[in-house]
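Enquirer: Before we start, here is the structure in question, set down as C-alpha cells.
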C-alpha cells in the first residue's frame, strides 16, 4: 500500500498540474452562489460541479479535485458518478473529511478543526466511493496575543491524527495548516506564525508515524495581513514563503500545493510563478486553489446552462495560467483562453 500512496502523492503534484479545490460546504457555496444570484439547490450545486469537472482538457493542468461529501455522492447528467467521471479523464478524486473549524475551548477567538470521531469508518466509505486522497484544514488566526501555543499544538495534533488515519486507510492526506490573511499584521508576523505552525505540524506528523513521502502539504503563502497598510510585493512574498518552507518542511515531502486563501486569482498566480522562477526547490511547488480558480468560472456561468461553455473557458484559462506558474513560465498572455 505504501508504494501506491507514494505514487498517488507524486501524481498529485506532477509537473504542470495542480489541484482544484471544489470542497466548499453547502453553506459556503450558498454564499458564493448568492454573489451571482443563483439559488443554492442540490441540483444547481450538482450542475455547477458538473460544469467544472467536464471542462475540456482539464486534466492537462489539474491532477485532482477535492470534493465535499454531497458532491462525491452525486453524478453527472448522464448518470456517471463524479469520482468515476474524474478518474475517466485522468483526474484523481479527493474528499474533504474534516467537519469544520469550531471555537477553541476557553479561547473564543481561536479555532480547532473537528471531525476525528468516526473518521476511520468514513475513510473506508470514501475509498469505496472512489476517493484517492483526502483533505483536512486547520485555521490559525493572527491577532492580539494569538495564536496561542495551545491552539497551534491542538490543530497540529488533529492534522497528524487525520493524516495517520488516511495513510492507514489507503488515502493520501493533504495536510492544510492555514494561517489566515485576515488582520492587520505585517508579513514579518505572518512569517513568524507560519514557521511556528509548520514546525508544530511536522513534529506532530512524525510523532504519529506519518510517512512524509505519502502526503502533500497545503500551506498558506507568507503575506501581509489584508488590513496592513504595507502590502508586501510579489518578490518579497515569494522569498519569505520559500525561506519559511526551507526551515520547516522535510525534503521527503513530494509537493507543496498552496492554498489561495482569499488572494485574487491573478495575485495567487503571480506569487506561485515568482516562487518557481527562483529555481528548483526540494519539493514541487504547485497550486490547490478554490476561489482563485473558480471565481471567474462562477461569474461566467451564473447558473445558466447556456453559459456552460463560458464558465468552462474561464476555468480553463485560470488552470492554464497556474499550470504555467507551477513551472515558473507564466506571463499574462498565458491565461488567454
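Enquirer: Taking into account only those residues within region 94-113 that are free of Cβ contacts under 8 Å to residues at least 40 places away in the same chain and under 18 Å from the mean Cα position of the chain (by Cα), which is farthest from residue 20 (Cα to Cα)?
Expert: So the residue we want is 101.
Enquirer: Give the number of residues within region 125-149 that are touching a strand residue (DSSP E or B) at 6+ places or on another chain (Cβ under 7 Å) and more than 30 Å from residue 86 (Cβ to Cβ).
Expert: So the count comes out to 7.
Enquirer: Let me ask something additional. Can you tell me which residues in region 9-32 are in a helix (DSSP H, G or I), touching a helix residue (DSSP H, G or I) at 6+ places or on another chain (Cβ under 8 Å), crowded, with 21+ Cβ neighbours inside 10 Å and in contact (Cβ under 8 Å) with a residue 60 or more places away in the chain?
Expert: The one that is in a helix (DSSP H, G or I), touching a helix residue (DSSP H, G or I) at 6+ places or on another chain (Cβ under 8 Å), crowded, with 21+ Cβ neighbours inside 10 Å and in contact (Cβ under 8 Å) with a residue 60 or more places away in the chain: 9.
Enquirer: While we're on this one: Go through (1) out of contact with any strand residue (DSSP E or B) (no Cβ under 7 Å at 6 or more places or on another chain); (2) surrounded by 20 or more Cβ atoms within 10 Å (Cβ to Cβ) one by one and return the number of the condition residue 91 breaks.
Expert: (1)
Enquirer: Exactly one condition in (1) surrounded by fewer than 22 Cβ atoms within 10 Å (Cβ to Cβ); (2) modelled with pLDDT of 95 or more; (3) over 22 Å from residue 10 (Cα atoms); (4) in contact with a helix residue (DSSP H, G or I) (Cβ under 7 Å, 6 or more places away or on another chain) is false for residue 55; which is it?
Expert: (1)
Enquirer: So, in region 299-317, of the ones that are under 20 Å from residue 68 (Cβ atoms) and crowded, with 23+ Cβ neighbours inside 10 Å, which residue ends up nearest to the chain's Cα centre (by Cα)?
Expert: 315
Enquirer: Testing residue 66 on (1) touching a residue at least 40 places away in the same chain (Cβ under 8 Å); (2) touching a helix residue (DSSP H, G or I) at 6+ places or on another chain (Cβ under 8 Å); (3) closer than 19 Å to residue 320 by Cα; (4) buried (at least 16 other Cβ atoms within 10 Å of the Cβ), one condition comes back false. Which one is that?
Expert: Residue 66 satisfies every listed condition except (2).
Enquirer: Could you tell me which of the residues 259, 242, 285 is buried (at least 21 other Cβ atoms within 10 Å of the Cβ), touching a strand residue (DSSP E or B) at 6+ places or on another chain (Cβ under 9 Å) and either free of Cβ contacts under 8 Å to residues at least 40 places away in the same chain or within 21 Å of residue 22 (Cβ to Cβ) (or both)?
Expert: On inspection, the qualifying residue turns out to be 259.
Enquirer: Answer yes if at least one residue in region 145-164 is under 20 Å from residue 6 (Cβ atoms) and part of a loop (DSSP other than H, G, I, E, B), and no otherwise.
Expert: No, because not a single residue in region 145-164 is under 20 Å from residue 6 (Cβ atoms) and part of a loop (DSSP other than H, G, I, E, B).
Enquirer: Still on this structure, I have one more. Could you please give the count of residues in region 197-211 that are surrounded by fewer than 17 Cβ atoms within 10 Å (Cβ to Cβ) and part of a helix (DSSP H, G or I)?
Expert: Total meeting the criteria: 4.
The values are calculated or read from the model by the stated rules, or taken from the named source; none is laboratory data. The shown structure was predicted, so the numbers you read here are calculated from the model rather than taken from an experiment. FYI the Cβ positions are ideal-geometry reconstructions off the backbone, even for glycines, and counts take in every protein chain you see.
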